[in-house]
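What follows is a single structure, written as structure tokens, with notes after it.
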Amino acid sequence: MRWIGVSVLGLTLFLFGQAGPGGEAQAAVAGTPAPAFEMVTFTGEAYSKASLEGRPTLLVFWASWCPVCQRELPVLGRFYEKDRPTQLRVISIGFSDLRDKIEGYVKAHPESFVFPTAFDIDNDVAQAFKITATPTLVLLDAQGTIVMVHRGAGVLQNPRFREFLAMLKG
């Protein structure tokens, strides 16, 4: 019986990652440089680690089948249009899903996807950031250093995220 409990715990940690205080996940590590990556949005914009440097960026990893993502993406869309500091770039990255499902979801919810959206082919970008759960949000500073990794809903209430936004607003 004991091995069943250990196996369930191991499977849970593998599938959902480990969350720390305030929803912060133990995926990529805050304070370390972002890994190298490349992706292209549905509108043909190319992004890489190098192209993001010079401007703080929030990467939003999500999937169309994720109910938490379905609730959080409209919140992020409203934030992007109304409250976001102009220097903060937001890019959503559909992963762990089929391209057609991600693209269809984006087209069906234009009010949520007011920021660039890419599909992570073969989950390469997610793997580079060690993302194992949806949604997971990764905040990068202007130098490409990971400031915060947040798993789940509520990133706008995360104390680190709010502190970073306050710093950007001056």
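Coordinate-derived values only; no laboratory data. Since the model is a prediction, treat every value here as computed from it, not as a measurement. Cβ sites come from the backbone with ideal geometry, for glycine too, and all protein chains shown count toward neighbours.
Given their separation in residues at 0.36 nm each and the Cα-Cα distance between them, Trp65 and Gln127 gain 20.4 nm when the chain is fully extended. Counting 0.36 nm for each residue step from Arg55 to His109 and taking away their Cα separation leaves a gain of 16.8 nm. If you sort the three axes of the alpha carbon gyration tensor as a ≥ b ≥ c, you get a/c of 1.5 or more for region 42-96 and a/b no higher than b/c, which makes it oblate.
For region 74-149, the convex hull spanned by the alpha carbon atoms encloses 96 Å³ per residue. Taking a straight line from the alpha carbon of Lys107, these lysines sit under 22 Å away, with near neighbours fewer than eight places off in the same chain left out: Lys82. For region 17-169, a/c is less than 1.5, where a ≥ b ≥ c are the root eigenvalues of the C-alpha gyration tensor. That puts it in the rounded class. Straight-distance candidates among the aspartates and glutamates for linking to Lys130, with alpha-carbon spacing under 16 Å and chain neighbours fewer than 8 residues away dropped: Glu24, Glu38, Asp120, Asp122.
Taking the Cβ of Cys69 as the center, what net charge do the other residues with Cβ under 13 Å away carry, scoring Lys and Arg +1 and Asp and Glu -1?
Computed value for this residue: +1.
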